[in-house]
Amino acid sequence: MARKKTQGRKKIEMKMIRDENARRITFSKRRSGLFKKASELSTLCGIEIAIIVFSLGGKAFSFGHPSVESVIDRFLNGNQEPPNERFSKHVSSSYRESRLQQLNKQFDKLNQELTVKKKQRKRLEKSLEDSGYKRFEDHIHDLGLSDLKQCIVRMQKLKGKVSQKVKELSGEASSKHSEEVDLSNIEKTEANGSPVPHDWL
């Protein structure tokens, strides 16, 4: 039976890829392959190597063995004068400048996010202030003795509920019943009109 003829592997034409998305994918794949080949070369031959590439967005990617910095420093400060010292300094300064620009962009972005968060916090604080909301710490100074006792009872009840929920979530069955609290005095206080909001907890 005759074998079916195949076209074989097509040779890719060496020209810039027009589609930007395909260009980014190709860059990512080829960059990984390039770094892999460089790693194999350094391992097989015991050499020092450094590769620096820039993406379409200007982001720097590098591979070095033992490190990019050590290879560049050795190249710039070696015993023998580099064949093209001006070009070498340009490569080193371009890499450092690109890295510095990248860090500056990250700093500016984080600074902008921090500014936005501060503005959101101020708007929230103003909204709470306009609605008459008071923090619990500020509200304590306006309470009397009976109101403070009521707060203690409610906090104890809340603590018991939280503890019980923690036990349920951790799979530990509670063998003790929660202590019941006499709320007769509290109900009388609430009937007289307490300044403490019922839903503050």
- prompt: residue 96 to residue 56: FRET efficiency via 1/(1 + (r/R0)^6), r the Cβ-Cβ distance, R0 25 Å, to the nearest 0.05?
  reply: 0.75
³J(HN,Hα) computed for each position of segment 153-158 - Karplus, 6.51 cos²θ - 1.76 cosθ + 1.60, integer Hz, glycine/proline x: 4, 5, 5, 5, 5, 5
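None of the figures in this text is laboratory data; all of them are computed from the coordinates on show. As the structure is a prediction and not an experimental result, all values here were calculated from the model. As a convention, Cβ positions derive from the backbone with ideal geometry for all residues, glycine included, and neighbour counts pool all protein chains shown.
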